[in-house]
Amino acid sequence: MKAKRQKNWIRRAGFLLVLFGLVPALFKGFIASIPLVTAAAERAVFWSFGLTMPEGMLVLSDEIDEKGRGQAMQETEDDTPDRSEGNGQTQLSDPNTQILQRPVKDAQPYEPTATDRDGPIVRETFKAGTTSAFIPIGNNAYIQNTTSVSSAAILSEIQKPPAFTIESGTEPQVLIMHTHTTESYEDASRDFYDESYNSRTTDNTKNMVRVGDEIEMQLKMAGIGVIHDKTLHDYPSYNGSYDRSRVTVEKILEEYPSIQVVLDIHRDAIQRENGERVAPVVEVNGKNAAQMMIISCCDDGSGEIPNYMENLRFACALQRQMEGDYPGLTRPILFSCRHYNQDLTSGSILVEVGAHGNSLDEAVYAGELLGKSLVKLLNGMKN
């Protein structure tokens, strides 16, 4: 009997040792799974709106710091999901992640063959949906509101002019920068895509810097002071792009306190579940321009973006200007609880210029049109 009790005790002790050995591993696994659960829940929310995450956010949604910066509360960041307006068909696509995870390389001449047709690219002009989430703001411009802020409160606020004015002279008034600098486009307009063709490049003649150059040129020609920062915030490491771009913007604002507007220029990534990529376009003066979408962040209750309504006022003013100048050029403003460093000024917005199915020429033309409309708006805001 004594021997049996001793044997049972040894078994219990062994079980407890195994259990104590497993607990740390299980706890570590649980902690590691939290970002994945968060990302999955967030994606489910976007699917319910018929959207995909902005390109870059699939990666960033797994990289959430203590203040929630650099995450996809939407990017979108290339994580840039498609926030397609109202057709309810565009969905988040894992192939986008595969593209984003490929090493960024300098762009090489691309000669597609018949075997390179991995999926179709279709060109569509997005319009506002018919649900109450889409708020008309004048000039055939719209907001897509995914927050708890009421339509009445939004409409009341955006009747006010932007919270800043523009000074004449040589001092910079506008900062153009790129959190996801290496995002790029198809090198030519085509009706198919090749999965092996990189949608990111460090070649500034083919990535978001090229689009920013066009905006910059329009501002300079109009005599509006502008700085175009071309730092590669997403290369060689993609994770932490928003943290790095924040440091850049803070440094420039400290050096040039005259800056009132910060434009973070990106491109979207829109791909349906069936593998079809969508290039949002609109014809302007006989040419295809990539449609654009402004993202204006709403504070989530944390108080980290106290000026979020002021940013929205500027976003709406620019949206109305662009739609008045070039009907159909914009997709509805996405007003959503994110961060994207938009607490730094009262004129901070993120602009998605087209998507990875668009051609570079379509995106550059869109940059030209954006620049021209921005010039008109800012000239009307001068002291």
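The values are calculated or read from the model by the stated rules, or taken from the named source; none is laboratory data. Here the structure is a predicted model, which means the values were calculated and not measured. Positions of Cβ are generated from backbone atoms using ideal geometry, with glycine treated the same way; all protein chains shown enter the neighbour counts. Accessible surface areas use protein heavy atoms only, side chains included; no ligands, DNA or RNA. Shrake-Rupley method; radii C 1.70, N 1.55, O 1.52, S 1.80 Å.
Of the residues making up segment 340-380, those that are open to solvent by 10 Å² or more (accessible area, probe 1.4 Å) and among the small types (Gly, Ala, Ser) are Ser346, Gly380.
The set of residues from segment 232-283 being of a type in the set (A, V, I, L, M), closer than 25 Å to Gly371 by Cβ and not in a strand (DSSP E or B) comprises Leu232, Val249, Ile252, Leu253, Ile259, Ala269, Ile270.
Pairs linking a residue in segment 284-297 that is outside any strand (DSSP E or B) to a residue that is buried (at least 24 other Cβ atoms within 10 Å of the Cβ) and of a type in the set (Lys, Arg), with Cβ atoms under 7 Å and 6 or more positions apart or on different chains, are Gln291/Arg331. Based on what the data block shows, is Ala163 open to solvent by 10 Å² or more (accessible area, probe 1.4 Å), of a type in the set (A, V, I, L, M, F, W, C) and modelled with pLDDT of 95 or more? Yes: the conditions hold for Ala163.
Consider Val351 carefully, then state whether it is β-branched (Val, Ile, Thr) and assigned to a strand (DSSP E or B). I'd like the intermediate steps shown before the answer.
Working: β-branched (Val, Ile, Thr): yes; assigned to a strand (DSSP E or B): yes.
It is true that Val351 is β-branched (Val, Ile, Thr) and assigned to a strand (DSSP E or B).
The residues in segment 158-193 that are within 30 Å of Ile270 (Cα to Cα) and part of a loop (DSSP other than H, G, I, E, B) can be counted, and the count is 12. If only residues of segment 166-181 that are closer than 30 Å to Gly380 by Cβ and of a type in the set (S, T, N, Q) are counted, the one that is most open to solvent (accessible area, probe 1.4 Å) is Thr170. Within segment 209-216, one or more residues are at pLDDT 95 or above, closer than 18 Å to Arg267 by Cβ and open to solvent by 50 Å² or more (accessible area, probe 1.4 Å). The set of residues from segment 302-339 being surrounded by fewer than 19 Cβ atoms within 10 Å (Cβ to Cβ) and of a type in the set (D, E, K, R) comprises Glu304, Asp325. Among residues belonging to segment 123-153 that are touching a helix residue (DSSP H, G or I) at 6+ places or on another chain (Cβ under 7 Å) and not in a loop (DSSP other than H, G, I, E, B), point out the one that is nearest to Gly328 (Cα to Cα). Restricting to residues being touching a helix residue (DSSP H, G or I) at 6+ places or on another chain (Cβ under 7 Å) and not in a loop (DSSP other than H, G, I, E, B), the top hit is Ala141. Listed conditions (1) in contact with a His (Cβ under 7 Å, 6 or more places away or on another chain); (2) surrounded by fewer than 17 Cβ atoms within 10 Å (Cβ to Cβ) are all met by Asp234, apart from (2). Run down Ser199, Ser184 and say which single residue is surrounded by 15 or more Cβ atoms within 10 Å (Cβ to Cβ), modelled with pLDDT under 95, in contact with a His (Cβ under 9 Å, 6 or more places away or on another chain) and within 22 Å of Val278 (Cβ to Cβ). When all the criteria are applied, what remains is Ser199.
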